[in-house]
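Rule-based calculations on the coordinates, nothing more; no lab input. As the structure is a computational prediction, the values presented were derived from the model and not from experiment. Cβ: placed from backbone, ideal geometry, glycine included. Neighbour counts: every protein chain shown.
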């Protein structure tokens, strides 16, 4: 999808070189033919998206105001991609034995290639394994690490006309499985795909899709895998406005929270959240109705049973607010703005939890550059935001974070300029 490149392809696994995608049965569903705009006029804000992942606001001078200080919780930032090929949209998970697993895509002459790597400590990373085809546009990777160490990776493969399809591969002791299609092929776009382990053999998958072309609008959908069999796609938005930025994350009990936002491109959007369990999702809850508009919702879950949300809000196209709330669906607490009191742009937040401690990280674009910010909540409110690193060049984007068994928070993010970012790693310790 149009919403959304280290070393030559190599691997420690004998089966890591991808084979051609294995077509799945084309599924029907409401995401295939969403409603046209009134009168058939172009309507989808998807036409405004930048395949580099760099939003338009980075081209504008950020608002003046105080800058966060450098914090003491982070280890020195480590660049883990090669300057020549860079790296984009990293995702990190902590697996058994606190092994770190990451996916991202890099720029090669043949195309944008999805890579997978592991590390025992964050200081040394194994050779990258190619997960996607070794050519073309392969974007939007996500991953899940099950308690048995098996890894699932999803990614979008886009054709020259920007039609796109999401694929899933599993990594076991035997290597990588053949790719299996999660979304329909043909003249459609699928993207913003996220997967979550939902207990046992179950997986939950959320994404947006539409028929190719600006006259059609993106619809948010979910699917659930039980016993190795995927349900048919179910639409959770009505297609009257574009859906954006799906996400799904597993609670400790195997249920999940999913979210997405709906609205016109480059405007304030309405945020929705739904619970998923036993192969079904609940009716969506409009979070903005009791709080604020926004986009890119992410989740965390603390030992006291609370769910945590974070998202950011653009005002007239400028990202100025990073919000958090905790509670349960239908019973959320007060909203906190982690960006309050600072200048610059604030965007792309996410959360992770260890016990009852929650860590938030997000991108900050000051003047002239930006840095990754963080804040902890140890049960008595959020700390004042601080910088996690001082790279001194470019701006950060799309971080990902996961907690280990010792209470450390492992963070990866992209930082650079339009079309050229590298991936950095740091460990945050409360």
Fewest to most Cβ atoms within 10 Å: 246, 336 sort as 336, 246
For the stretch 225-343, rounded, prolate or oblate, judged on the Cα gyration tensor with a ≥ b ≥ c (square roots of eigenvalues), a/c < 1.5 rounded, else prolate if a/b > b/c?
oblate
Extent along principal axes [Cα atoms of the chain; Å; largest to smallest]:
53, 52, 42
Please rank 180, 236, 315, fewest neighbouring Cβ atoms within 10 Å first, as an exposure proxy.
315, 180, 236
The stretch 264-300 versus the stretch 97-138: alpha-carbon centroid distance in Å:
30
Per its Cα gyration tensor (rounded if a/c is under 1.5, else prolate when a/b beats b/c, else oblate), the stretch 161-219 is best filed as oblate
For 367, 354, which order do you get if you count the other beta carbons within 10 Å of each Cβ and list the fewest first?
367, 354
